[in-house]
Structure formats: C-alpha cells, structure tokens
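Report on the structure given below.
The values are calculated or read from the model by the stated rules, or taken from the named source; none is laboratory data. This structure is a prediction, so every number in the text was calculated from the model and none was measured. Cβ placement follows ideal geometry from the backbone for every residue including glycine, while neighbour counts extend to all protein chains displayed.
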Amino acid sequence: MKLIFGDSHVSALKAAIGPKASPYTLIANHGKNLIDMQLDLVGDTLRVFADNTSASVPLDVTLTKGDRVVLSGPLHSSLVSRHRFWKSTAPWTMHEHFPKRQLASGNFIKTLAQDRTASMVQLLETAISAGISVAVLEPPRLSRRALTESGIDERVLVHVDETYRAEVRALVEATGTVVIDTPKDTHDGAFMRASYQAMSDTDVHHGNKDYGILALANAAAFLDDETSGAEDAKTTTDTSQTDTPQTGKARKSILQKLLKA
Amino acid sequence: MPNPYSGRPAHTFWKRAVSDRHFSDLDNIIPRIEGLDTAKIATAGSCFAQHIGHNLKIRGLNYMDMEAPSKLLSDAAAAKLGYGIYSCRYGNIYTSRQLLQLVREAFGEAKPLDTIWEKDGRFYDALRPSIEDGGFGSVAEVRVLRERHLRRVRRMFETMDVFVFTMGLTETWASTQDGTVYPTAPGVVAGNYDPALYEFVNLRFSEVMADMEAARARIHQSNPSARFLLTVSPVGLAATATDNHVLTATTHSKSVLRAVAGELSAAHDDVTYFPSYEIIVGQPSRHSLYEPDLREVSAFGVREVMRQFFEVNKVGQAAGPASEEIDSDFGYEQCDDALLTKEFAE
C-alpha cells in the first residue's frame, strides 16, 4: 500500500487528485488525533488508532511490512506559532524588542516539540521497526493571513515557526525518517505565496489544490521510489530540489497527469 | 472546685481532641481564613507547598500564576520547565534566608554575586537550579530570564492578598563572598563545591525569625494589606550536613521552623499558621500518612490535609474534584533535596 495520511493538510493533496483513480490512498484526519495515538504492533501489522476529538471520525489505519507511507502532522507548526501565547510572550533572544513581555527560554520550544510530537515519533519508530518505509511531509509555510489575523508580531511568529519546525525536524530525522520539504516554489522563505493559499475566508494555514499538486508530486516521488526507504534515506528531501533522474521523471509524470485533470 | 481548665472546649484536651479522635476527624485544628474565596493567593516554599498551590488551582480559587505556561504544553512538560509549580518560576524556596533574598532581589535591593553555575556546557540559575530541565544555553540567557522573572515576582508581592509559604529547612549552603544562599548545595544539580567559596549554614531560631520578619516587613512596605499563611513542611531532611543523626537534624530544623511560625502568628494578625505539619506528623496519624520511606508524604496524606483545609474553609468548588482526579504525586519530581536521596541511595 502507498499511503499518505495524517492531519488536515492531506486534504490539499486529496483535492489535487480529485475524483480520479489514484495509486495512492489518502486519509486526512484531525490533527488532535495525531497527538495521542494507540499503536498496536502484531507481527508485521501495525494498527494506528486515535479517537481524541468529536470533531472528526477516529483515525484508524492499518499498516503492514513493505508499505510505503507518508505521514503529515509532526511538522504542523501552525497551531504552535499562531497561538495567542505569543502575543504576551517572546523568545528570550528577542528580549530587547519586547521589554515588558514574559520570555520563553530556548528549551521552551524544544520541550514543546518533544511534547507535541511524542506520539508521532513513536509511530515513526514503530513503523520502521516493522519494516514499513515512512516519510514525513512538511506542511505549507504559514500564510500572511495567519500573521494578520493572529495579531502576533511578525518576528515572533516567524521565529517560533522556524524554530519549532527545526526542532521537530531533528526529532523526526533522529528516527531515520525522511522529511519531505514543503515545495520550494510555494513560499518566499517565511510565508506561503498567496497563489498557493486555500481561499476560504477562515482558513489561514492550508494550501490549495495547486499546493496539493506540488506536495503530492514530492510525496509520490517517495512513495514510488522503491529504492529509498527509512533506513537508507537519512537526508532531508525536497524532491523538487534534489531530483535524481528517476525520481525527477516520475515526479514530472505525476505532475503532468495531475495538471491535465 | 473550679480550675483554669474548667469549661474549656474539647479541642484543648488531649484525650477528647486526640486520643478519642481519628486523624481525619480532628476538630478545630484548621484555621478559617477570611476572604479566601476572592483573595489573590500566591504560593512559595519547600516542595510540600507545591501541593497547596496545585489544590488551590484545581479548586478554582484565585490562584496567582504570574508566569503561566502556554496551554500548548502538557502539565508534565510545563512542570519540567518549572511552570505551574508555584505562582512564579522561582522553584523551591526552602529557607527563610532564601525567601528574604528573593524579596530583596525582586525589589532591586540586593544583587547576589555568584548566581550562574555551569555543568556539561549548560548554564543554571544557581538560585533556582531545577527550574529548567537541562539548564540554559548561555550565561546571557540565564541573566535575561532571571531579570524578567524577578519583575514578575515583584509584581506578585505587590498585588497578592494572601501569601502561602511553606517553611522547609534551616540547613543551607551560602556563598562566602556575600552570603547568598542556594536551594541546593553546589555540585548537586550544577556548579562545583569549593570550600573556599561555599559554606554550610544551619540557620538558628533568631536568624529564621529575623529573616521572616524582614521579608514580611519589606512586602508590607509595597503591599500593606498582604496576609501570610504559613505552613511547615512535614517532609524530613534528605540529608544533613551537620554531624547529627539525620532524624535529630530533622527534628531540630522542623522545631525551629514550627516555633518561628508560631511566634510570627502570635505576633501579627496578618500571619496565620496552617497546621498541616501536625496533621501529617502528629500522633493521630501514627505515621500512616507517609510513604514507606517515612520521609515523603503519601498521596493520601496530601489529600487528607487539603480535604480538611477546604472543609473548614468552604471555598472554591464545593466538593472539589473527585479524589481520583487529584494528582497527589504532583510536584515530587521538583524536589531538589530529593536529589540527595537519589545520589546516596546506594
């Protein structure tokens, strides 16, 4: 099975595929269901179950040895960086800019990353031990709308977002899992480009179908590349930047199919 | 033939108040604190005080948390960073000298010299070394965060209505340079023990009394209506630096602290003594409220003390949370002195 599953950012990839038949299974669920998952490993079969919120159906996925899986969720920084806590608190390194605020230590975001991703990291470790090839998909960068609507100082928002992602990335990579970067073309280094933003008035952090097409192509390159697996893929991967001839060809083929739709 | 004890209430007679009573049914032992339901309450002290703050908070009282963690953090992760343990992130304040030092530092009237300890390339705030698991990344980080922390502490002292303080120890380690005292001996969490730089101090009754009077006076200077609720920690010394047996040393320290608490409450209307110490240590419990190590108070013991307190002071959520919801083990991971127990467990 070639599976992309995890939080709501999978929805953009689903939108990219639309109603067409796909070689990939895509499951989007609520982010809360990734915070605390029940993992049952029996032989070569790993069942992942969570029912942490009434806002979603339970997450219930069964993986088996040989599956290739892309997980979206660990690097979902939006809820952390857009949290109102950062209106009254600043990273300690910015103390001169915010002389009256409470300050967060360097350990704060590191602890936050460990705390929020513990269950997901455990999932990655368990999947790898079961012979399941797994990668983690980075979600889009924040939109500028997130900045405006949160009321958080831009310097704080960007710093927290980048630091949190870096801390989680380190945790994920320490398990031997590949991180598939958010597509390079979809952001300006700090924020998602407007052309890739979801257009809903209330949505401040998801990508649109065009984002989904690019992200899906990157994920597909991992899912279709039978030569790469968790054990031999130790490096961060934005396939748009590091295509091999084989994966580049596959990615272009996927993109062409998707763009024709 | 009448005598001065004739007609005295039952709780003043040992047989009727103690011998014939179960520890859960002691009468007239818990003081009633006026206005507790609306008062802004701050807590500090030795690790037993963590339970008091925790219970005040979960019962919905107006508990001050001047350095609140983000709700993004789980309680366990927040506690790892010293959040939510006390009203500010000062860690455990074991001695009267430490309290006075904090008061003076918060009001800008003292500046301790030796305040940053290093271990394995990480830096620790020596005045609250367990506040951040693993220490800080740089000296600058320690300094900046302490300066901002002290502002919160000052604000807390200026605005609180009731200050709950649990007196824990008389034994402490002090800098030979300026007398600064530390919550842990140098070398336990971080730093290095150098006899030329640090000395052992066992505060005497007069010193503890003077410290507490000075701390109270300084707080009142900025906040004249502040009231104080004192308790004495029933947790024994993990180790003594005196030559005495640790049991003798514990009895001595607790006796000094208990006497000071009594003296202060007798001398000042704004000071009340809450006898959690007697409930835990006293004969009625037959030491059943301790863990098997006879040092730490059991979860049940903590629950019992707080139940009695809230039963008399009918404040907060009427029934309080169900007993199984109370995390009575809360806080014991944050006891610096327990590190000595671990170190010498062999």
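Structure summary
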{"read-out": "Count of region B:26-54 residues which are outside any loop (DSSP other than H, G, I, E, B) and at pLDDT 90 or above", "value": "5"}
{"read-out": "Test for residue A:96: is it touching a Ser or Thr at 6+ places or on another chain (Cβ under 6 Å) and of a type in the set (D, E, K, R)", "value": "no"}
{"read-out": "Residue that is farthest from the other protein chains (Cβ to nearest Cβ), among those in region A:67-81 that are closer than 17 Å to residue A:164 by Cα and touching a strand residue (DSSP E or B) at 6+ places or on another chain (Cβ under 6 Å)", "value": "A:72"}
{"read-out": "Whichever residue in region B:232-274 is more than 24 Å from residue B:310 (Cα to Cα) and charged (D, E, K, R) and, among such residues, is surrounded by the most Cβ atoms within 10 Å (Cβ to Cβ)", "value": "B:254"}
{"read-out": "Selection from region B:55-96 of residues that are crowded, with 24+ Cβ neighbours inside 10 Å, assigned to a helix (DSSP H, G or I) and not hydrophobic (A, V, I, L, M, F, W, C)", "value": "B:55, B:96"}
{"read-out": "Residue that is farthest from the other protein chains (Cβ to nearest Cβ) [pool: residues in region A:108-154 that are hydroxyl-bearing (Ser, Thr, Tyr) and in contact (Cβ under 8 Å) with a residue 12 or more places away in the chain]", "value": "A:133"}
{"read-out": "Answer residue from region A:139-181, given it is charged (D, E, K, R) and not in a helix (DSSP H, G or I) and is nearest to residue A:192 (Cα to Cα) among those", "value": "A:141"}
{"read-out": "Within region B:57-100, considering residues that are more than 27 Å from residue B:253 (Cα to Cα) and polar (S, T, N, Q), the one farthest from the other protein chains (Cβ to nearest Cβ)", "value": "B:62"}
{"read-out": "Subset of region B:147-167 [touching a strand residue (DSSP E or B) at 6+ places or on another chain (Cβ under 9 Å), surrounded by fewer than 22 Cβ atoms within 10 Å (Cβ to Cβ), more than 8 Å from chain A (Cβ to nearest Cβ) and assigned to a helix (DSSP H, G or I)]", "value": "B:159"}
{"read-out": "Selected residue (criterion: farthest from the other protein chains (Cβ to nearest Cβ)) from residues of region A:82-107 that are in a helix (DSSP H, G or I) and either touching a Gly at 6+ places or on another chain (Cβ under 9 Å) or not hydrophobic (A, V, I, L, M, F, W, C) (or both)", "value": "A:87"}
{"read-out": "Selection within region A:1-28 - assigned to a strand (DSSP E or B) and on the phi > 0 side of the Ramachandran plot", "value": "A:6"}
{"read-out": "Segments classed as helices (runs of 4 or more DSSP H), wholly inside region B:200-316, with at least 2 members that are more than 25 Å from residue B:104 (Cβ to Cβ)", "value": "B:246-267, B:276-281, B:299-312"}
{"read-out": "Of all residues in region A:186-221 being in a helix (DSSP H, G or I) and in contact with a Lys or Arg (Cβ under 8 Å, 6 or more places away or on another chain), the one that is surrounded by the fewest Cβ atoms within 10 Å (Cβ to Cβ)", "value": "A:194"}
{"read-out": "Residues (among the aliphatic types (A, V, I, L, M) and crowded, with 16+ Cβ neighbours inside 10 Å) located in region A:38-67", "value": "A:39, A:46, A:48, A:50, A:59, A:61, A:63"}
